[in-house]
Amino acid sequence: MSIIEEPQVDRFVPWFEGDVDPEKVPEKYRLSRAYVPKGRYLDPEFQKLELEKVFKKTWLMACRVEELASVGNYIEYEIGSYSILIVRESKTKISAYHNACRHRGTRLARGQGRVGSLICPFHGWRWNLDGSIRLVLDREEFVPRSDDDLGLEQVRVDQWAGFVFINMDPEAKPLLEYLDPIARIFEPFHIENMRYRWAKGFILPCNWKTALDGFLEAYHVAGTHPQLYRVDKTNLNLQSLKELDERIWAPTTVYERHSHYSAVGQTKKDATAESVKDPTARGTAEITDERLSIAMSVQYVAEDMRGLENELSWRAAEALKTAEVPEGSNAGEVYMQLHRDMAIAEGYDWPMLTGQQWAEAGTAWNVFPNTIILPNQGSVFVYRARPYGDDPDTCLFEIFSLDQIPVADYDKKREFQHQFFEDYRDADLGEVFGQDMANAKEVTVGMHSPSFDGHRLSEEQEMTIYNHHRVADRYLWAD
Ligand code: FES
Ligand SMILES: [Fe+2]
(Lines give C-alpha, C1' and ligand atoms only; values in the text may rest on other atoms or scores of the structure.)
(Ligands and ions follow the chains in the order given, each with its own letter.)
Protein backbone atom coordinates (compact mmCIF):
# COMPACT_ATOMS: atom_id res chain seq x y z
CA MET A 1 0.00 0.00 0.00
CA SER A 2 1.43 3.36 -0.91
CA ILE A 3 1.45 6.21 1.50
CA ILE A 4 0.66 9.58 0.01
CA GLU A 5 2.72 12.22 1.69
CA GLU A 6 1.22 15.58 2.44
CA PRO A 7 2.99 18.24 0.37
CA GLN A 8 5.25 20.38 2.51
CA VAL A 9 3.65 23.56 1.40
CA ASP A 10 5.74 25.74 3.66
CA ARG A 11 9.04 24.66 2.19
CA PHE A 12 8.09 24.48 -1.47
CA VAL A 13 5.50 27.14 -2.14
CA PRO A 14 7.06 30.57 -1.85
CA TRP A 15 4.82 32.87 0.09
CA PHE A 16 5.37 36.47 1.15
CA GLU A 17 3.39 38.88 3.26
CA GLY A 18 0.84 40.55 1.00
CA ASP A 19 0.36 37.60 -1.38
CA VAL A 20 -3.25 37.06 -2.43
CA ASP A 21 -5.38 34.33 -1.02
CA PRO A 22 -5.54 31.57 -3.69
CA GLU A 23 -9.32 31.49 -3.21
CA LYS A 24 -9.46 34.92 -4.86
CA VAL A 25 -7.86 33.56 -8.04
CA PRO A 26 -10.26 32.00 -10.58
CA GLU A 27 -9.74 28.25 -10.53
CA LYS A 28 -8.49 28.00 -14.12
CA TYR A 29 -5.66 30.42 -13.31
CA ARG A 30 -4.88 29.21 -9.80
CA LEU A 31 -1.29 28.21 -9.04
CA SER A 32 -0.52 25.17 -6.99
CA ARG A 33 2.68 23.65 -5.78
CA ALA A 34 5.25 24.21 -8.58
CA TYR A 35 2.41 24.20 -11.10
CA VAL A 36 1.20 26.95 -13.46
CA PRO A 37 -2.03 26.39 -15.44
CA LYS A 38 -1.65 26.97 -19.18
CA GLY A 39 -4.49 29.52 -19.42
CA ARG A 40 -2.13 32.06 -17.92
CA TYR A 41 -0.19 31.86 -21.19
CA LEU A 42 -2.81 31.05 -23.78
CA ASP A 43 -6.00 32.97 -22.90
CA PRO A 44 -6.48 36.36 -24.61
CA GLU A 45 -8.58 37.32 -21.58
CA PHE A 46 -5.61 36.74 -19.28
CA GLN A 47 -3.32 38.92 -21.40
CA LYS A 48 -5.93 41.69 -21.25
CA LEU A 49 -5.84 41.48 -17.48
CA GLU A 50 -2.05 41.60 -17.47
CA LEU A 51 -2.09 44.78 -19.53
CA GLU A 52 -4.64 46.45 -17.31
CA LYS A 53 -3.43 45.31 -13.93
CA VAL A 54 0.22 44.32 -14.16
CA PHE A 55 1.76 46.54 -16.83
CA LYS A 56 -0.23 49.58 -15.74
CA LYS A 57 0.91 49.28 -12.14
CA THR A 58 4.54 48.20 -12.27
CA TRP A 59 7.86 49.86 -13.09
CA LEU A 60 8.80 49.02 -16.68
CA MET A 61 12.24 49.37 -18.21
CA ALA A 62 11.62 51.73 -21.11
CA CYS A 63 15.05 52.68 -22.48
CA ARG A 64 18.63 53.63 -21.59
CA VAL A 65 19.64 57.12 -20.51
CA GLU A 66 22.18 57.21 -23.37
CA GLU A 67 19.26 57.28 -25.83
CA LEU A 68 18.16 60.59 -24.33
CA ALA A 69 21.55 62.29 -24.41
CA SER A 70 20.47 65.77 -25.58
CA VAL A 71 17.68 68.08 -24.48
CA GLY A 72 14.66 67.40 -26.72
CA ASN A 73 15.52 63.75 -27.37
CA TYR A 74 12.42 61.60 -27.02
CA ILE A 75 11.68 57.91 -27.25
CA GLU A 76 8.33 56.18 -27.46
CA TYR A 77 7.61 53.17 -25.27
CA GLU A 78 4.61 51.10 -26.29
CA ILE A 79 2.97 48.32 -24.36
CA GLY A 80 -0.44 46.94 -25.32
CA SER A 81 -2.54 49.94 -26.31
CA TYR A 82 -0.47 52.32 -24.19
CA SER A 83 2.07 54.65 -25.72
CA ILE A 84 4.31 56.75 -23.54
CA LEU A 85 6.79 59.41 -24.56
CA ILE A 86 9.96 59.72 -22.56
CA VAL A 87 11.57 63.09 -23.12
CA ARG A 88 14.80 64.75 -22.02
CA GLU A 89 13.33 67.95 -20.66
CA SER A 90 16.60 69.53 -19.49
CA LYS A 91 20.19 68.54 -18.84
CA THR A 92 19.20 67.12 -15.48
CA LYS A 93 15.63 65.97 -16.00
CA ILE A 94 13.88 63.25 -17.95
CA SER A 95 10.06 63.30 -18.03
CA ALA A 96 7.43 60.95 -19.40
CA TYR A 97 3.94 61.66 -20.78
CA HIS A 98 1.03 59.72 -22.14
CA ASN A 99 1.44 60.07 -25.88
CA ALA A 100 -1.97 61.60 -26.58
CA CYS A 101 -3.00 65.09 -27.63
CA ARG A 102 -5.25 66.98 -25.22
CA HIS A 103 -7.37 68.24 -28.16
CA ARG A 104 -8.71 65.14 -29.90
CA GLY A 105 -6.33 62.50 -28.70
CA THR A 106 -3.89 62.15 -31.59
CA ARG A 107 -0.66 60.33 -30.84
CA LEU A 108 1.98 63.03 -30.69
CA ALA A 109 5.18 61.27 -31.76
CA ARG A 110 6.48 57.89 -32.91
CA GLY A 111 9.73 56.01 -32.46
CA GLN A 112 12.50 58.31 -31.40
CA GLY A 113 13.88 61.67 -32.37
CA ARG A 114 14.72 65.15 -31.21
CA VAL A 115 12.41 68.17 -31.00
CA GLY A 116 12.32 71.70 -29.59
CA SER A 117 8.72 71.29 -28.51
CA LEU A 118 6.12 68.55 -28.90
CA ILE A 119 3.77 69.38 -31.76
CA CYS A 120 0.58 67.52 -32.53
CA PRO A 121 0.57 66.42 -36.19
CA PHE A 122 -3.22 67.02 -36.53
CA HIS A 123 -4.03 70.67 -35.63
CA GLY A 124 -0.63 71.73 -34.43
CA TRP A 125 -1.13 72.28 -30.72
CA ARG A 126 2.26 72.59 -29.04
CA TRP A 127 3.76 71.69 -25.69
CA ASN A 128 6.99 72.62 -23.98
CA LEU A 129 9.32 69.76 -23.12
CA ASP A 130 8.08 69.98 -19.51
CA GLY A 131 4.59 69.05 -20.75
CA SER A 132 3.05 72.51 -20.27
CA ILE A 133 0.84 73.85 -23.04
CA ARG A 134 2.56 76.33 -25.31
CA LEU A 135 0.15 76.94 -28.13
CA VAL A 136 -3.52 76.33 -28.92
CA LEU A 137 -4.48 77.76 -32.30
CA ASP A 138 -7.48 80.09 -31.95
CA ARG A 139 -7.65 79.40 -28.24
CA GLU A 140 -10.34 82.04 -27.80
CA GLU A 141 -12.76 79.77 -29.63
CA PHE A 142 -12.49 77.07 -26.98
CA VAL A 143 -14.23 76.81 -23.63
CA PRO A 144 -11.77 78.45 -21.22
CA ARG A 145 -9.59 75.76 -19.67
CA SER A 146 -6.66 76.05 -17.32
CA ASP A 147 -3.16 75.43 -18.65
CA ASP A 148 -3.08 72.55 -16.22
CA ASP A 149 -5.99 70.89 -17.96
CA LEU A 150 -4.28 71.28 -21.32
CA GLY A 151 -0.88 70.06 -20.14
CA LEU A 152 0.30 66.58 -21.11
CA GLU A 153 -0.60 63.82 -18.66
CA GLN A 154 2.51 62.87 -16.71
CA VAL A 155 3.74 59.32 -16.28
CA ARG A 156 6.05 58.45 -13.40
CA VAL A 157 9.67 58.12 -14.50
CA ASP A 158 12.87 57.26 -12.68
CA GLN A 159 16.34 55.91 -13.39
CA TRP A 160 18.52 53.13 -12.14
CA ALA A 161 21.84 51.80 -13.51
CA GLY A 162 21.48 53.84 -16.71
CA PHE A 163 17.99 52.41 -17.37
CA VAL A 164 14.95 54.66 -17.56
CA PHE A 165 11.86 53.10 -16.00
CA ILE A 166 8.28 54.33 -16.28
CA ASN A 167 5.20 53.57 -14.19
CA MET A 168 1.65 54.48 -15.20
CA ASP A 169 0.43 54.26 -11.62
CA PRO A 170 0.71 57.67 -9.93
CA GLU A 171 0.51 55.91 -6.54
CA ALA A 172 3.38 53.50 -7.22
CA LYS A 173 6.10 53.18 -4.63
CA PRO A 174 9.51 54.63 -5.60
CA LEU A 175 11.55 52.69 -8.17
CA LEU A 176 14.43 51.80 -5.85
CA GLU A 177 12.07 50.36 -3.29
CA TYR A 178 10.33 48.39 -6.04
CA LEU A 179 13.63 46.98 -7.32
CA ASP A 180 14.88 45.84 -3.93
CA PRO A 181 17.22 43.91 -3.53
CA ILE A 182 18.40 44.28 -7.14
CA ALA A 183 19.75 47.82 -6.84
CA ARG A 184 21.93 46.87 -3.87
CA ILE A 185 23.17 43.59 -5.36
CA PHE A 186 23.96 45.07 -8.81
CA GLU A 187 25.73 48.14 -7.47
CA PRO A 188 29.31 46.77 -7.81
CA PHE A 189 28.78 45.95 -11.51
CA HIS A 190 28.29 49.64 -12.40
CA ILE A 191 25.83 49.03 -15.21
CA GLU A 192 25.36 52.80 -15.41
CA ASN A 193 28.82 52.90 -17.01
CA MET A 194 27.79 50.51 -19.76
CA ARG A 195 26.51 51.42 -23.20
CA TYR A 196 24.77 49.54 -25.98
CA ARG A 197 26.95 47.32 -28.12
CA TRP A 198 23.87 46.14 -29.98
CA ALA A 199 20.12 45.82 -29.49
CA LYS A 200 17.94 43.52 -31.56
CA GLY A 201 14.20 43.07 -31.40
CA PHE A 202 12.05 40.51 -33.20
CA ILE A 203 8.64 38.90 -33.14
CA LEU A 204 8.45 35.47 -31.50
CA PRO A 205 5.56 33.03 -31.97
CA CYS A 206 4.97 32.57 -28.25
CA ASN A 207 3.55 34.29 -25.22
CA TRP A 208 5.71 37.11 -23.82
CA LYS A 209 6.24 35.08 -20.63
CA THR A 210 7.27 31.96 -22.55
CA ALA A 211 10.02 34.03 -24.19
CA LEU A 212 11.27 35.11 -20.75
CA ASP A 213 10.83 31.71 -19.08
CA GLY A 214 13.41 30.22 -21.44
CA PHE A 215 16.01 32.54 -19.91
CA LEU A 216 14.96 32.18 -16.28
CA GLU A 217 16.47 28.78 -15.70
CA ALA A 218 19.58 26.85 -16.76
CA TYR A 219 17.82 23.52 -16.40
CA HIS A 220 17.34 23.56 -20.19
CA VAL A 221 21.05 23.76 -20.99
CA ALA A 222 21.58 20.00 -21.15
CA GLY A 223 18.64 19.57 -23.52
CA THR A 224 18.92 22.72 -25.61
CA HIS A 225 22.60 23.70 -25.60
CA PRO A 226 24.61 20.48 -25.16
CA GLN A 227 27.70 22.19 -26.58
CA LEU A 228 28.00 24.57 -23.63
CA TYR A 229 29.41 21.89 -21.37
CA ARG A 230 31.87 20.58 -23.94
CA VAL A 231 35.44 21.78 -24.18
CA ASP A 232 35.32 21.97 -27.98
CA LYS A 233 31.79 23.52 -27.99
CA THR A 234 30.60 21.19 -30.72
CA ASN A 235 26.96 20.34 -30.91
CA LEU A 236 27.02 17.15 -32.93
CA ASN A 237 24.95 14.98 -30.66
CA LEU A 238 22.74 14.99 -27.63
CA GLN A 239 24.33 14.94 -24.23
CA SER A 240 25.63 11.49 -23.42
CA LEU A 241 24.54 10.03 -20.10
CA LYS A 242 28.05 10.64 -18.80
CA GLU A 243 27.87 14.30 -19.81
CA LEU A 244 24.44 14.61 -18.20
CA ASP A 245 25.94 13.27 -15.03
CA GLU A 246 28.44 16.13 -15.04
CA ARG A 247 26.02 18.92 -15.83
CA ILE A 248 26.14 22.08 -13.78
CA TRP A 249 23.40 22.70 -11.30
CA ALA A 250 21.58 26.04 -11.28
CA PRO A 251 19.20 26.54 -8.35
CA THR A 252 16.70 29.39 -8.27
CA THR A 253 16.13 31.93 -5.50
CA VAL A 254 12.98 33.98 -5.12
CA TYR A 255 12.47 37.30 -3.41
CA GLU A 256 9.28 39.14 -2.67
CA ARG A 257 9.06 40.48 -6.23
CA HIS A 258 12.09 39.46 -8.28
CA SER A 259 14.01 36.21 -8.60
CA HIS A 260 17.14 34.72 -10.07
CA TYR A 261 18.90 31.51 -10.91
CA SER A 262 22.51 30.88 -10.26
CA ALA A 263 24.74 28.48 -12.17
CA VAL A 264 27.01 27.41 -9.33
CA GLY A 265 29.75 25.88 -11.49
CA GLN A 266 29.31 22.51 -9.78
CA THR A 267 27.26 19.41 -10.32
CA LYS A 268 24.34 18.89 -7.99
CA LYS A 269 26.07 16.04 -6.19
CA ASP A 270 29.12 18.21 -5.49
CA ALA A 271 27.14 21.29 -4.55
CA THR A 272 26.56 22.05 -0.89
CA ALA A 273 24.03 24.30 0.77
CA GLU A 274 26.67 27.04 0.53
CA SER A 275 27.36 26.59 -3.20
CA VAL A 276 27.00 29.88 -5.02
CA LYS A 277 28.03 31.47 -8.29
CA ASP A 278 31.80 31.58 -8.40
CA PRO A 279 33.29 33.30 -11.46
CA THR A 280 36.57 31.44 -11.03
CA ALA A 281 34.80 28.09 -11.48
CA ARG A 282 33.60 27.54 -15.03
CA GLY A 283 33.43 23.79 -15.20
CA THR A 284 33.51 22.05 -18.53
CA ALA A 285 33.32 18.29 -18.75
CA GLU A 286 36.49 16.28 -19.36
CA ILE A 287 38.84 19.10 -18.53
CA THR A 288 42.42 18.30 -19.37
CA ASP A 289 43.82 21.82 -19.08
CA GLU A 290 41.71 24.07 -16.90
CA ARG A 291 43.17 27.20 -18.53
CA LEU A 292 42.05 26.04 -21.94
CA SER A 293 38.63 25.09 -20.72
CA ILE A 294 37.96 28.50 -19.16
CA ALA A 295 39.47 30.36 -22.11
CA MET A 296 37.35 28.45 -24.60
CA SER A 297 34.17 29.04 -22.60
CA VAL A 298 34.80 32.79 -22.45
CA GLN A 299 35.75 32.97 -26.12
CA TYR A 300 32.77 30.88 -27.24
CA VAL A 301 30.33 33.21 -25.46
CA ALA A 302 32.20 36.27 -26.77
CA GLU A 303 32.11 35.00 -30.36
CA ASP A 304 28.76 33.25 -30.48
CA MET A 305 26.51 35.31 -28.21
CA ARG A 306 28.36 38.60 -28.56
CA GLY A 307 27.49 39.70 -25.07
CA LEU A 308 28.32 38.96 -21.43
CA GLU A 309 31.86 38.54 -22.69
CA ASN A 310 33.50 40.96 -25.08
CA GLU A 311 36.67 41.77 -26.94
CA LEU A 312 38.46 42.61 -23.69
CA SER A 313 37.55 39.35 -21.99
CA TRP A 314 38.37 37.47 -25.21
CA ARG A 315 41.92 38.84 -25.03
CA ALA A 316 42.22 38.00 -21.33
CA ALA A 317 41.10 34.46 -22.19
CA GLU A 318 43.69 34.26 -24.95
CA ALA A 319 46.42 35.30 -22.49
CA LEU A 320 45.19 32.70 -20.01
CA LYS A 321 45.89 29.83 -22.43
CA THR A 322 49.64 30.18 -21.87
CA ALA A 323 49.68 31.90 -18.47
CA GLU A 324 51.40 30.40 -15.49
CA VAL A 325 49.13 29.24 -12.69
CA PRO A 326 51.00 29.76 -9.44
CA GLU A 327 50.90 27.20 -6.67
CA GLY A 328 47.84 27.74 -4.45
CA SER A 329 45.93 29.58 -7.19
CA ASN A 330 43.77 28.24 -10.03
CA ALA A 331 43.12 29.06 -13.65
CA GLY A 332 39.88 30.90 -12.80
CA GLU A 333 41.67 33.25 -10.45
CA VAL A 334 44.46 33.83 -12.96
CA TYR A 335 41.87 34.66 -15.61
CA MET A 336 40.13 37.19 -13.31
CA GLN A 337 43.48 38.83 -12.58
CA LEU A 338 44.48 39.02 -16.26
CA HIS A 339 41.09 40.51 -17.10
CA ARG A 340 41.39 43.07 -14.32
CA ASP A 341 44.97 44.07 -15.24
CA MET A 342 43.98 44.64 -18.86
CA ALA A 343 40.85 46.58 -17.90
CA ILE A 344 42.74 48.92 -15.58
CA ALA A 345 45.59 49.43 -18.09
CA GLU A 346 42.97 50.38 -20.70
CA GLY A 347 41.23 52.96 -18.55
CA TYR A 348 38.24 51.10 -17.13
CA ASP A 349 36.96 51.51 -13.58
CA TRP A 350 37.31 47.92 -12.40
CA PRO A 351 36.54 47.34 -8.73
CA MET A 352 37.66 44.07 -7.20
CA LEU A 353 34.44 42.16 -6.48
CA THR A 354 34.25 39.94 -3.43
CA GLY A 355 33.13 36.33 -3.55
CA GLN A 356 29.98 37.35 -1.76
CA GLN A 357 29.18 40.01 -4.35
CA TRP A 358 29.54 37.49 -7.18
CA ALA A 359 27.49 34.95 -5.27
CA GLU A 360 24.60 37.32 -4.62
CA ALA A 361 24.58 38.50 -8.22
CA GLY A 362 23.70 35.04 -9.53
CA THR A 363 23.39 34.38 -13.26
CA ALA A 364 20.09 35.86 -14.47
CA TRP A 365 17.43 37.97 -12.76
CA ASN A 366 13.80 38.48 -13.56
CA VAL A 367 13.16 42.15 -12.93
CA PHE A 368 9.43 41.82 -12.51
CA PRO A 369 7.48 41.82 -14.74
CA ASN A 370 9.12 41.67 -18.16
CA THR A 371 12.87 42.27 -18.02
CA ILE A 372 15.81 39.96 -17.40
CA ILE A 373 19.34 41.07 -16.58
CA LEU A 374 22.41 38.84 -16.63
CA PRO A 375 25.06 40.56 -14.52
CA ASN A 376 28.75 40.29 -15.30
CA GLN A 377 31.71 42.58 -14.84
CA GLY A 378 32.32 44.57 -18.02
CA SER A 379 29.37 43.33 -20.06
CA VAL A 380 25.75 42.37 -19.43
CA PHE A 381 22.79 41.03 -21.34
CA VAL A 382 19.32 42.50 -20.90
CA TYR A 383 16.20 40.85 -22.30
CA ARG A 384 12.75 42.36 -22.51
CA ALA A 385 9.46 40.87 -23.70
CA ARG A 386 6.16 42.56 -24.42
CA PRO A 387 2.81 41.40 -25.76
CA TYR A 388 2.46 42.16 -29.46
CA GLY A 389 -1.11 43.01 -30.44
CA ASP A 390 -3.92 41.05 -28.82
CA ASP A 391 -2.65 37.59 -29.67
CA PRO A 392 -1.20 35.99 -26.54
CA ASP A 393 0.81 33.63 -28.79
CA THR A 394 2.89 36.48 -30.20
CA CYS A 395 5.38 38.76 -28.51
CA LEU A 396 8.07 41.30 -29.17
CA PHE A 397 11.34 40.07 -27.70
CA GLU A 398 14.47 42.20 -27.44
CA ILE A 399 18.07 41.47 -26.55
CA PHE A 400 20.40 44.28 -25.47
CA SER A 401 24.13 43.69 -25.24
CA LEU A 402 25.77 46.35 -23.04
CA ASP A 403 29.49 46.89 -22.56
CA GLN A 404 31.29 48.94 -19.96
CA ILE A 405 33.17 51.88 -21.46
CA PRO A 406 36.48 53.46 -20.36
CA VAL A 407 36.15 56.28 -17.82
CA ALA A 408 37.33 58.86 -20.38
CA ASP A 409 34.26 58.10 -22.55
CA TYR A 410 31.55 58.50 -19.89
CA ASP A 411 30.38 61.88 -21.22
CA LYS A 412 30.65 61.08 -24.92
CA LYS A 413 27.35 61.21 -26.78
CA ARG A 414 26.67 58.97 -29.73
CA GLU A 415 23.83 57.93 -31.98
CA PHE A 416 22.52 54.43 -31.44
CA GLN A 417 20.00 52.47 -33.47
CA HIS A 418 18.03 49.42 -32.34
CA GLN A 419 17.58 46.77 -35.00
CA PHE A 420 14.23 45.15 -35.66
CA PHE A 421 13.53 41.86 -37.47
CA GLU A 422 10.19 40.24 -38.26
CA ASP A 423 11.86 36.85 -37.89
CA TYR A 424 14.59 36.01 -35.39
CA ARG A 425 16.31 33.83 -38.03
CA ASP A 426 17.23 37.01 -39.91
CA ALA A 427 18.80 38.58 -36.80
CA ASP A 428 22.13 36.73 -36.86
CA LEU A 429 21.88 35.77 -33.19
CA GLY A 430 24.41 32.93 -33.12
CA GLU A 431 24.05 29.31 -32.11
CA VAL A 432 23.01 29.62 -28.44
CA PHE A 433 20.25 32.20 -28.95
CA GLY A 434 19.12 30.36 -32.09
CA GLN A 435 18.61 27.23 -30.01
CA ASP A 436 16.62 29.18 -27.39
CA MET A 437 14.41 30.93 -29.92
CA ALA A 438 13.61 27.68 -31.71
CA ASN A 439 12.04 26.42 -28.48
CA ALA A 440 9.53 29.28 -28.35
CA LYS A 441 7.25 27.96 -31.06
CA GLU A 442 7.51 24.31 -29.99
CA VAL A 443 6.52 25.14 -26.41
CA THR A 444 3.54 27.12 -27.66
CA VAL A 445 2.30 24.46 -30.06
CA GLY A 446 2.61 21.82 -27.35
CA MET A 447 0.88 23.96 -24.74
CA HIS A 448 -2.16 24.19 -27.01
CA SER A 449 -2.47 20.40 -27.06
CA PRO A 450 -5.63 19.33 -25.21
CA SER A 451 -3.42 16.82 -23.40
CA PHE A 452 -1.42 19.56 -21.71
CA ASP A 453 -2.81 21.41 -18.71
CA GLY A 454 0.05 23.42 -17.27
CA HIS A 455 3.73 23.70 -16.40
CA ARG A 456 5.09 21.16 -13.93
CA LEU A 457 8.14 22.93 -12.60
CA SER A 458 11.30 21.85 -10.83
CA GLU A 459 11.08 23.03 -7.25
CA GLU A 460 14.77 23.76 -7.19
CA GLN A 461 15.69 24.98 -10.66
CA GLU A 462 12.53 26.61 -12.07
CA MET A 463 10.94 28.56 -9.26
CA THR A 464 11.79 31.82 -11.05
CA ILE A 465 8.95 30.91 -13.40
CA TYR A 466 6.54 30.14 -10.58
CA ASN A 467 7.57 33.31 -8.80
CA HIS A 468 6.62 35.53 -11.71
CA HIS A 469 3.06 34.20 -11.52
CA ARG A 470 2.90 34.44 -7.74
CA VAL A 471 3.88 38.12 -7.91
CA ALA A 472 1.53 38.79 -10.83
CA ASP A 473 -1.34 37.46 -8.72
CA ARG A 474 -0.71 40.26 -6.25
CA TYR A 475 -1.61 42.75 -8.98
CA LEU A 476 -4.21 40.72 -10.84
CA TRP A 477 -6.52 39.78 -8.03
CA ALA A 478 -5.78 42.30 -5.31
CA ASP A 479 -9.32 43.66 -5.45
S1 FES B 1 -5.78 66.42 -32.18
FE2 FES B 1 -3.95 67.33 -31.56
S3 FES B 1 -4.14 69.37 -32.16
FE4 FES B 1 -6.00 68.49 -32.71
FE1 LIG C 1 19.20 28.94 -23.33
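The values are calculated or read from the model by the stated rules, or taken from the named source; none is laboratory data. Keep in mind it's a predicted model, so treat the numbers as computed, not measured. In this analysis, Cβ positions are derived from the backbone assuming ideal geometry, glycine residues included, and neighbour counts consider all displayed protein chains.
What helices (runs of 4 or more DSSP H) completely inside region 201-288 contain at least 2 residues that are touching a helix residue (DSSP H, G or I) at 6+ places or on another chain (Cβ under 8 Å), at pLDDT 95 or above and within 16 Å of ligand 2 (Cβ to nearest atom)?
Values: elements: 208-213, 221-224, 241-245.
Fully inside region 201-288 and qualifying: 208-213.
If I ask for residues that are among the aliphatic types (A, V, I, L, M) and either within 16 Å of ligand 1 (Cβ to nearest atom) or within 22 Å of the chain's Cα centre (by Cα) (or both), which ones from region 427-469 would you list?
Residues satisfying the conditions are Ala427, Leu429, Val432, Met437, Ala438, Ala440, Val443, Leu457, Met463, Ile465.
So, Glu462, is that one within 16 Å of ligand 2 (Cβ to nearest atom) and free of Cβ contacts under 8 Å to residues at least 12 places away in the same chain or not?
Numbers: within 16 Å of ligand 2 (Cβ to nearest atom): yes; free of Cβ contacts under 8 Å to residues at least 12 places away in the same chain: no.
No; evaluated as a whole, the condition is false for this residue.
Being in contact (Cβ under 8 Å) with a residue 40 or more places away in the chain and over 28 Å from the mean Cα position of the chain (by Cα) is true for just one of Gly124, Gly116. Which residue is that?
Details: Gly124 fails: in contact (Cβ under 8 Å) with a residue 40 or more places away in the chain.
That would be Gly116, the only listed residue that is in contact (Cβ under 8 Å) with a residue 40 or more places away in the chain and over 28 Å from the mean Cα position of the chain (by Cα).
Quick grid of which residues meet (1) assigned by TED's automatic domain parsing to the domain that holds Val54; (2) within 16 Å of ligand 1 (Cβ to nearest atom):
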site: Phe122; (1), (2): no, yes
site: Asn128; (1), (2): no, yes
site: Leu150; (1), (2): no, yes
site: Phe165; (1), (2): no, no
site: Pro181; (1), (2): no, no
site: Glu187; (1), (2): no, no
site: Ala218; (1), (2): yes, no
site: His225; (1), (2): yes, no
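Kindly list, by first and then second residue, each pair from a residue in region 84-107 that is of a type in the set (Gly, Ala, Ser) to a residue that is assigned to a strand (DSSP E or B), limited to pairs with Cβ atoms under 6 Å and residues at least 6 apart or on different chains.
What qualifies is Ser95/Val87; Ser95/Glu89; Ala96/Ile84; Ala96/Ile86; Ala96/Val155; Ala96/Val157; Ala96/Ile166.
Looking at region 455-468, which of its residues are crowded, with 20+ Cβ neighbours inside 10 Å and not in a loop (DSSP other than H, G, I, E, B)?
His455, Met463, Thr464, Ile465, Tyr466, Asn467, His468
Would you point out which residue out of Phe416, Phe452, Phe421 is in contact with a Lys or Arg (Cβ under 7 Å, 6 or more places away or on another chain) and in a loop (DSSP other than H, G, I, E, B)? Even if it seems obvious, please write down each step before you answer.
Working: Phe416 fails: in contact with a Lys or Arg (Cβ under 7 Å, 6 or more places away or on another chain); Phe421 fails: in a loop (DSSP other than H, G, I, E, B).
The match here is Phe452.
Picking from Asp436, Asp391, which residue would you name as being modelled with pLDDT of 95 or more and more than 16 Å from ligand 2 (Cβ to nearest atom)?
Details: Asp436 fails: more than 16 Å from ligand 2 (Cβ to nearest atom).
Checking each option against the conditions leaves just Asp391.
Hey, Glu187 hits all of (1) free of Cβ contacts under 8 Å to residues at least 40 places away in the same chain; (2) within 26 Å of Asp473 (Cα to Cα) but one; which does it fall short on?
Unmet for Glu187, out of (1) free of Cβ contacts under 8 Å to residues at least 40 places away in the same chain; (2) within 26 Å of Asp473 (Cα to Cα): (2).
Consider Val432 carefully, then state whether it is in contact (Cβ under 8 Å) with a residue 40 or more places away in the chain, more than 30 Å from Asn73 (Cβ to Cβ) and of a type in the set (Val, Ile, Thr). Quick ask: steps written out before the conclusion?
Values: in contact (Cβ under 8 Å) with a residue 40 or more places away in the chain: yes; more than 30 Å from Asn73 (Cβ to Cβ): yes; of a type in the set (Val, Ile, Thr): yes.
It is true that Val432 is in contact (Cβ under 8 Å) with a residue 40 or more places away in the chain, more than 30 Å from Asn73 (Cβ to Cβ) and of a type in the set (Val, Ile, Thr).
For region 147-184, give me each residue that is under 20 Å from the mean Cα position of the chain (by Cα) and of a type in the set (Val, Ile, Thr).
So in region 147-184, the residues under 20 Å from the mean Cα position of the chain (by Cα) come out as 157-168, 174-184.
Once the filter is applied, which keeps residues that are under 20 Å from the mean Cα position of the chain (by Cα) and of a type in the set (Val, Ile, Thr), region 147-184 yields Val157, Val164, Ile166, Ile182.
Taking Trp198 as the residue in question, decide whether it is farther than 18 Å from Pro375 by Cβ and either in contact with a Pro (Cβ under 8 Å, 6 or more places away or on another chain) or β-branched (Val, Ile, Thr) (or both). Walk me through how you get there before you give the answer.
Details: farther than 18 Å from Pro375 by Cβ: yes; either in contact with a Pro (Cβ under 8 Å, 6 or more places away or on another chain) or β-branched (Val, Ile, Thr) (or both): no.
The answer is no for Trp198.
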